[in-house]
1. Would you mind calculating the relative contact order of chain B from Cα pairs under 8 angstrom and at least 6 residues apart, reporting the percent as a whole number?
2. Reported to two decimal places, what Rg/Rh ratio describes chain B when computed on Cα atoms with Rh from the Kirkwood expression?
3. At a Förster distance of 45 Å, what's the computed FRET efficiency of B:Leu142 paired with B:Ala82, Cβ-Cβ distance as r, to 0.05?
4. Please compute the Cα-Cα pair-distance distribution of the range A:123-183 with 5 Å bins starting at 0, giving whole percents from short to long.
5. Once the principal axes of the Cα atoms of the range B:93-150 are found, what is the range along each, listed largest first in whole angstroms?
6. How large is ³J(HN,Hα) for each residue in the range A:280-295, as worked out from phi by the Karplus curve 6.51 cos²θ - 1.76 cosθ + 1.60 (θ = phi - 60°), to whole Hz, x for Gly and Pro?
7. Per the helix-only calculation at 222 nm, which mean residue ellipticity applies to chain B, given -39500 (n - 2.57) for every DSSP H run of n ≥ 4 and division by its residues, nearest 500 deg cm²/dmol?
8. Would you kindly work out, in nm and rounded to one decimal, the distances from the label point of A:Arg150 to those of the same position in each other copy, ordered shortest first, with label points 7 Å along Cα-to-Cβ?
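Bear in mind that the values in this text are calculations on the coordinates, not laboratory data. These numbers were taken from a predicted model, which means no experiment stands behind them. Virtual Cβ from ideal backbone geometry, glycine too; neighbours counted across all protein chains shown.
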Number of protein chains: 2
Amino acid sequence: MSDPLPTGSVIGILGGGQLGRMLALAAARLGLRCHIYDPGDAPPAAQVSDALTTAAWDDADALEAFARSVDVVTYEFENVPAEALDRIEAICPIRPNRTALATSQDRLTEKTFLQDLGLKTAPFATVDDLAGLESAVAEVGLPSILKTRRFGYDGKGQARLNEDSDLPAIWSAMTDAPSILEGFVDFSAEVSVIGARSLDGAVACFDPGENVHSDGILRTTTVPASLPASLQADAVLLAGRILNALDYVGVIGVELFVTPGGLVVNEFAPRVHNSGHWTQNGCAICQFEQHIRAICGWPLGDGTRHSDVMMENLIGADMDRVPELAASGAALHLYGKAEVREGRKMGHVNHLKPLGSG
Amino acid sequence: MSDPLPTGSVIGILGGGQLGRMLALAAARLGLRCHIYDPGDAPPAAQVSDALTTAAWDDADALEAFARSVDVVTYEFENVPAEALDRIEAICPIRPNRTALATSQDRLTEKTFLQDLGLKTAPFATVDDLAGLESAVAEVGLPSILKTRRFGYDGKGQARLNEDSDLPAIWSAMTDAPSILEGFVDFSAEVSVIGARSLDGAVACFDPGENVHSDGILRTTTVPASLPASLQADAVLLAGRILNALDYVGVIGVELFVTPGGLVVNEFAPRVHNSGHWTQNGCAICQFEQHIRAICGWPLGDGTRHSDVMMENLIGADMDRVPELAASGAALHLYGKAEVREGRKMGHVNHLKPLGSG
């Protein structure tokens, strides 16, 4: 393996949203610099980074200049176009690797990969046209959920199907995008494991957190999760299998359903994950620093939890609560986004309690 | 009082060293931006800040443009020239206030202020010339320590006087700078209290830490300090008196000697302090965020300690230990300084243990 990147090295981050911003803050703690690549205007990560390239994902010159100016490239979201990655990868390593990204970018590939690993997933069937939707419904049953194979996040690109759903109307609203139909899983809780794998193959996981969603968006994550010890161990082992199978380098977020028959994998994200934000105040080394350490070839840090935490997302008008939260003793994390919009993640807050007091 | 500065506001920081850098990282967590003013080349804080002004302390135009571009100004070191502060203050509030700065900038003013508050200090006498040095020695005794009244830090501008010291040679080496002679205090430990006071006068202190110096530079700070509970309370009360007497807004570092007769104040620094770096990994809200909250008119955060911590400075060639420390499970904080020099503070590391295990 190559040597760890020395302090002063430059990390290229594709995407300048809040995840890129918090990666940049963690990199700074290790004396590393960040260069953000983002097509948008005033990305939040640029406020705390050493350099910014504002250019489109298909700007070959900008991508190549960016790749030449950094020592390693990572990404804060999984839908970076493949052609952009091709240009970068010809010049500079991308971590986590392309396999991890390609696997998670497509729900069909992802589910097939998980099943091939022997892990449980929701029942699913591919849907490429209306006839396919009808046969998928016959196979998977109702209620179920239709999801585009690519480019979905926070509940977008999804439709719930019930007994009385108008299949042609729903299919037409999906604009013919290749999709899968997923059966519902009867779960008692959703938990996620934030795992990390270093360049030399060491694996470390944070304690599983218990997630609550609403309208398809994560609202809270609580550690410890209400999970029997055996399932806690299963969750960690399962994340380790995924990391090793992908020869992964960096942090991964694995979402799991807790069912009477054990853990069912919902999906994984090849990046730092909203459900891991509690680690910023619950551990000496948070998920963002763990990711930076891994992609720079550093040893993983100690992710032991020192406190119980309830992480709460601040979405849209939740920003009105900031004055009250600032006075509450909780740890605020705001993303520096100028405009508050409905459904937009504006920040989060970590409520701490002494270890074991929950 | 004025309203708290909203997220998106800009904090001007005078000085772009490691303290400015860690202030900027803390400000970012609250959605606030930073603008660094520093005469030097590539100050570490600029790597993580939204804006940088590179200009001299006597550049009136640059100072005024800087002051107009920010919402509040703070400083990372106490020796900012008064003329620069005059120009800024005509346009923008400076926190902590000028009184705090002026008091701490001059060892004579500082000691007089502390004595007027009824606090104990080392015995001292003013020294303005060689004759004054001789009479100060007669008054304070030997061994003692001669210190310039202004511009000393990390043991610079100091000389130790023993029975066989050559007073004329020592005085001439001080280049006639107005000085004070301080008697030695027979102390069993040096502790410091990091206190904070908000714009509306609320005071909060972190747990006292125990400091070990060598060659005039802080090496380690350990919490909890080996201090009886009554002296812990005294330390906090004393810091509160200083904060209130100065009508202070922000974080202060108060260094104390533990003696058989109680606590003796060594000095205070009107800023975040090296001996408070342990708070970054020992508390939900660290000293840097506490300072940012205070100067922006926000409520103070919860500085309750959740872990025992030993903070160790990385000075000069200590950087060679970074690979080993990175693998040790400790929390590293590196300052992004390109050049390693002997005696230069390059970073620090926080070693955590569960609360009460020390």
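1. Values: 787 pairs, mean separation 51.9, N = 358.
For chain B, the relative contact order is 15 percent.
2. On the way: Rg = 20.1 Å, Rh = 21.0 Å.
Rg/Rh: 0.96.
3. Working: r = 35 Å, r/R0 = 0.77.
In this case the efficiency is close to 0.85.
4. 4, 22, 36, 27, 10, 1
5. Per principal axis, max minus min of the Cα coordinates gives 44, 24, 15 Å.
6. 4, 10, x, 9, 5, 10, 8, 4, 5, 5, 4, 5, 4, 4, 4, 5
7. Value at 222 nm, helices only: -8000 deg cm²/dmol.
8. Distances to the matching label points in the other copies: 6.7 nm.
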